Each structure stands twice: as structure tokens, then as C-alpha cells.
Amino acid sequence: MSHAPLPQQTVIAVVGTGAMGAGIAQIAAAAGHVVKLLDNRPGAAESAIAGIRAQFNKLADKGKLTPEAALAAGTRLVAAQQLADLADAGLVVEAIVESLEAKQKLYADLEAIVGADCIFGTNTSSISVTAIGAALKNPERLAGLHFFNPAPLMALVEIVSGLATDATVAETLFATAAAWGKTPVHAKSTPGFIVNRVARPYYAEALRLAQEGAADYATIDAAMREAGGFRMGPFELMDMIGHDVNFAVTNSVWRAFYHDQRFLPSLLQQELVDAGFFGKKTGRGFYDYREGALRPGPQTETAQAPAGKITLFGESAAAEALAERLETCSLSFSRAPESSDGRIAEIGRAVLAITDGRSATQRAAESDIANLVLIDLALDYSKASRLAVAVAEQCEPAAAAAAIGLLQAAGFAVSRFLDVPGLAVMRTVAMLANEAADAVNQGVCSEVAADQAMRLGVNYPQGPLAWADQVGVAVIRDVLANLGASYGEDRYRISPLIQRAVFAARKIHD
């Protein structure tokens, strides 16, 4: 049964008028609500209102709002002077400091002021909704209403239910967020909710690759963008977020999960935080943003000749894309049935295969294929502009050169990584899918919500679970198992949801 959104005549109160609070106020006012803004900093609410009205005027100038609508939305913004001014609010959203005590006190004070049917929507990104509610006489009225920055532009809103949250409250907030033009998803109050939990491997696996010397920051970033289809590589994204913030969130989730190795913070990032190199905002992070500093480019292999007879095996997405690209450049090849050892191509003495989570050296030894070159996962092999490769230590230099030449002839820029298990995109996608699957398995959210949250909250090119279905759930399971065997760590344990899907021979989204 669907619930109705809060009616337009409902007064919305926003406490805290920083970037997030102002953004939420802008959304609610644009949706037709009178919005009362309150901030304990003198003049902050008035300043926020002036800024929001300027935004409405800009939207009108761009033709996205009529001048009349912009004026009307601006007039619905009211500066409140004290908590008592919020007595007629039907929803109070807080966007104050991330402090459990501060949030508890605010809502406890408000309980004596607002009506019994007023909903409390906390915009916390990391604090337990259950814990905030524990200080209230009526914790059932409290739920998480977690917007993403910048709130007016980002579509996702996590509706987070604490242990005491009334289901009707959560459904009303869900319907209200939808009425405000957002895409809401339900989540249970667990550390990181959906996005801040499921996103951890995007940073963690890249940091581990860098710490092991697999490739430099720019090369890993390029592989994630140009093969993985991510808008930003992990290192440039961490620099943009700020290492003080990103490292704090990782530590918060790690501690909240009782030091689960899956969320283990990185010594590399700890060093940056200790140095005060927080990223763009301080001028230095993984990259140097100071005036005159040169931005390093990715490491790309020099041109090699695709020497030798070419054979493509099977009809996998990678083999089909390789065939299409080789036809475009008029390079002749033959086709063969799918191989039992997973090879997708041969050129001369070299064998190419997609990484399965083992190092090329281990896989070469176990399959008795000395001249083995592994390629990374790509979101779409027909469109990817770069591929990361790993070469077995047993591989002859001429065979490695021929394999690299084949990929280059097919139009790929090739980045050779140190022979690490799982390369970059494959291990990251496997871990993202695993974390999303665990969130679903633990009742935090649905499969659809997990994928929506990651596409809309952090702009992933595809939801992790849909991506696992595309790659093959059994492939993801094998990659995780091989990573776990390579490192001997619980970090790569396989989610029961993935295991069940493999045993049932079904997709996760079936």
C-alpha cells in the first residue's frame, strides 16, 4: 500500500543552513512548501535564504523556472530565530554537525515544541538513526532523510529506518522525497547505510593496489575510468572529497563493524591525513594541485607489433568486441570454439585471458600456459579505450609484446600492471558486488535499492549487482575465492547471497 506525501501546505523546518541544509531547503521550497530555516550562527539563515533565492533566479535565467515560480519559491523561505518558531512544522530536517549528542538534544528539545504528528528527518550520513531516536520520548517519529551533496542536483535520498521508526513515517518520507523529484530508497539503520558502506571497496581496493606497487595513481585512475566506465578514478575522487572526510568515514564504518577487515583503513591514506594533504582543498593529496604542478598521465605501453597468427576463442563479450575491433582495423584472425581454460585469444605463442582473481604467474603455473597475459574487466569491451594487463613471470618477452600489440591494434591503450591478483576493475567490481550483496543479505535494503543507490548516489556506471549479473555471478564468486586464497584474508569472504545465486544457477536480480 502506497502512502501519500506530505501535502504542500505542510511547513518544513530545516535546522542547519550549511551547504546541505540550504540545498534541502531549496528543494522543499521549490516543491511548494513554506520552509523555515534555523541556524545558531547569527545571520546564517538569512544568508542561506539570499543564496537560495539567487539560485532560483539563476534557474529562471536558464529557463528552468518561470520568473513567477522563482519569485514564489523564494518568498516561501523564512528565517526562524529560535526553536519555538518551528512549532507549526510538519517535518523537521536537521543538517547540523555530525554529533550524536547534538542531534539527540535538538530533537529532544523539539519534542516539547512541535505537534505530535510532526516527523523528524535526520540528514546524518554516518550516525545511527536508532541511537539518535533513543533520546526521544517518541522515537517512532524519527527516520533518516539522507540527501547527497549537492542536494538540488543529486537524485538519491536514503530513507533510513531505525529500530523504533514507524513504518508509516518511513513510507511518508519516501513518498515525499519522490514528490520532491528525488529517487528515494529504503535502508535499515546500519553503519554507512547503503552508499557509504557499499562504496568502501572502490577506495580500499585501489589503495591496496597502490600500496603493493601494482601501478601509479594516475594509471589506476585511468583504468577505472577508461575500462571501468567510472566518472572519476578512486584517487582523484578521494582528493576531491577530501582525505580528512573520506578517511574519517572509512574509520567510522570500520569501527562500527567491529574492525571487519573488509573496511580496513589504509596506511597510505593515513599518511596523507597526518601530513595535512587532504586533496584539492589543501593543494596536495595523491596529486599535486599547487600552481605550476604538472598532473601525471597514466603509464601506457609503447607501440608493439601484433606478430603472429591470431585466433579468438568463444563468443564472450570480450572475444566478440575484440573480433569487431580487429575487423575495423583490417587485422585477419580465425575463430575457434570456447576453450576449457578460459583463453579468449592467441597470438603467436601468447595466450590472453580475462583475470579470474589469480595472478598471471599463478594461473600460468596451474594451467601450464607459460606465455599467459591477463586482461582486466571492462564495462564494455567494445567501447573501452584502455585495458590493464598483467604478464606471467614465465612469459617470454616476445610473447608479451605480441599480446600487447594485439590489444593496441584493436584500439586499446594498454597499461601493464605489476602481476597482482584481480587487476583493478575486476577486483573492484567483485568487491562492490559482494558488499552490495551482503547489505541485501543482511536486510539493509533490496537488490533494486542497492543498485539505484550506487548509480544515483555516487554515479557508478552500473549497479554493482546488475554488473555481477552481466559478468556472471559464478565469475564474481570465483574472483573473490581466488583473491581470498591469494591473500589469505577474511576481507574477500563471499556473501551468502552470491553463493546461493551460483548454486541455484540464477542471476541476483532473478
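The values are calculated or read from the model by the stated rules, or taken from the named source; none is laboratory data. Values in this document were obtained by computation on a predicted structure and should not be read as measured data. Using ideal geometry, Cβ is built from the backbone for each residue, glycine included, and neighbour counts are taken over all protein chains shown.
General observations
- Residue in region 183-191 that is over 30 Å from Arg427 (Cβ atoms), buried (at least 17 other Cβ atoms within 10 Å of the Cβ) and aliphatic (A, V, I, L, M) present: no
- Total residues in region 453-462 satisfying the condition of being farther than 24 Å from Leu163 by Cβ, in contact (Cβ under 8 Å) with a residue 40 or more places away in the chain and not aromatic (Phe, Trp, Tyr): the figure is 6.
- Condition check for Arg231: farther than 30 Å from His3 by Cα, over 14 Å from the mean Cα position of the chain (by Cα) and not acidic (Asp, Glu): no
- Within region 380-403, residues that are within 12 Å of Val425 (Cβ to Cβ) have Cβ atoms under 6 Å from residues that are part of a helix (DSSP H, G or I) and of a type in the set (Asp, Glu) in these pairs: Arg386/Glu226, counting only partners at least 6 apart in sequence or on another chain.
- Summed over region 422-472, the residues that are closer than 12 Å to Leu497 by Cβ, among the small types (Gly, Ala, Ser) and buried (at least 24 other Cβ atoms within 10 Å of the Cβ) give a count of 6.
- When the test is whether a residue is under 24 Å from the mean Cα position of the chain (by Cα), outside any loop (DSSP other than H, G, I, E, B) and surrounded by 20 or more Cβ atoms within 10 Å (Cβ to Cβ), Val414 does not pass it.
- For region 326-339, the criterion of being surrounded by 16 or more Cβ atoms within 10 Å (Cβ to Cβ), outside the structural domain of Ala485 (by TED's automatic domain parsing), out of contact with any Cys (no Cβ under 6 Å at 6 or more places or on another chain) and in a strand (DSSP E or B) is satisfied by no residue at all.
- Those helices (runs of 4 or more DSSP H) lying entirely in region 1-96 with at least 2 residues closer than 30 Å to Ala167 by Cβ and either in the same structural domain as His146 (by TED's automatic domain parsing) or hydrophobic (A, V, I, L, M, F, W, C) (or both): 19-30
Rundown of residues vs (1) modelled with pLDDT of 95 or more; (2) assigned to a loop (DSSP other than H, G, I, E, B); (3) surrounded by 19 or more Cβ atoms within 10 Å (Cβ to Cβ), yes/no style:
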position: Phe286; (1), (2), (3): yes, yes, yes
position: Gly292; (1), (2), (3): no, yes, no
position: Arg295; (1), (2), (3): no, yes, no
position: Pro298; (1), (2), (3): yes, yes, yes
position: Thr302; (1), (2), (3): yes, yes, no
position: Pro306; (1), (2), (3): no, yes, yes
position: Leu312; (1), (2), (3): yes, no, yes
position: Ala318; (1), (2), (3): yes, no, yes
position: Leu322; (1), (2), (3): yes, no, yes
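- Any hit, region 198-214, residues being among the aliphatic types (A, V, I, L, M), farther than 16 Å from Met454 by Cα and without any contact (Cβ under 8 Å) to a residue 12 or more places away in the chain: no
- Of the residues examined, Met426 is not one that is in a helix (DSSP H, G or I), in contact (Cβ under 8 Å) with a residue 12 or more places away in the chain, touching a Lys or Arg at 6+ places or on another chain (Cβ under 9 Å) and under 25 Å from Ala485 (Cα atoms).
- Search result, residues across region 358-379 that are farther than 19 Å from Gln394 by Cβ and either of a type in the set (Val, Ile, Thr) or buried (at least 24 other Cβ atoms within 10 Å of the Cβ) (or both): Asp376, Leu377, Ala378
- In the set Asp469, Asp478, Asp510, only one residue is in contact with an Asp or Glu (Cβ under 9 Å, 6 or more places away or on another chain) and modelled with pLDDT under 95; that residue is Asp510.
- Here the condition is being farther than 27 Å from Ala430 by Cα and over 32 Å from the mean Cα position of the chain (by Cα); of Ala336, Ala364, it holds for Ala336 alone.
- Total residues in region 32-50, condition closer than 20 Å to Gly181 by Cβ and out of contact with any strand residue (DSSP E or B) (no Cβ under 9 Å at 6 or more places or on another chain): 1
- Cβ-Cβ under 6 Å pairs, at least 6 apart or on other chains, region 226-241 side more than 13 Å from Asp288 (Cα to Cα), far side of a type in the set (Val, Ile, Thr): Ala227/Val425; Gly228/Val425
For (1) farther than 28 Å from Ile375 by Cα; (2) surrounded by fewer than 17 Cβ atoms within 10 Å (Cβ to Cβ); (3) of a type in the set (Ser, Thr, Tyr), each residue gets a yes or a no:
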site	(1), (2), (3)
Ile220	no, no, no
Gly233	no, no, no
Leu237	no, no, no
Ile241	yes, no, no
Thr250	yes, no, yes
Tyr258	yes, yes, yes
Phe263	no, no, no
Leu272	yes, no, no
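- Among the residues listed as Leu432, Leu483, the single one being touching a Pro at 6+ places or on another chain (Cβ under 9 Å), aliphatic (A, V, I, L, M) and more than 28 Å from Ile159 (Cα to Cα): Leu483
- Any chance Ala364 is free of Cβ contacts under 8 Å to residues at least 60 places away in the same chain, more than 23 Å from Ala222 (Cα to Cα), of a type in the set (A, V, I, L, M, F, W, C) and assigned to a helix (DSSP H, G or I): yes
- Evaluation of Trp254 against the conditions (1) assigned to a loop (DSSP other than H, G, I, E, B); (2) in contact with a helix residue (DSSP H, G or I) (Cβ under 8 Å, 6 or more places away or on another chain) shows that the sole unmet condition is (1).
- Taken over region 97-124, the residue count meeting the criterion of being part of a loop (DSSP other than H, G, I, E, B) and buried (at least 21 other Cβ atoms within 10 Å of the Cβ) is 4.
Rundown of residues vs (1) farther than 17 Å from Thr190 by Cα; (2) at pLDDT 95 or above, yes/no style:
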| position | (1), (2) |
| --- | --- |
| Arg76 | yes, yes |
| Leu86 | yes, yes |
| Gly90 | yes, yes |
| Glu98 | no, no |
| Lys103 | yes, yes |
| Tyr107 | yes, yes |
| Lys137 | yes, yes |
| His146 | no, yes |
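- Counting only helices (runs of 4 or more DSSP H) that sit wholly inside region 156-226, those with at least 2 residues that are at pLDDT 95 or above and of a type in the set (Lys, Arg) are 200-211.
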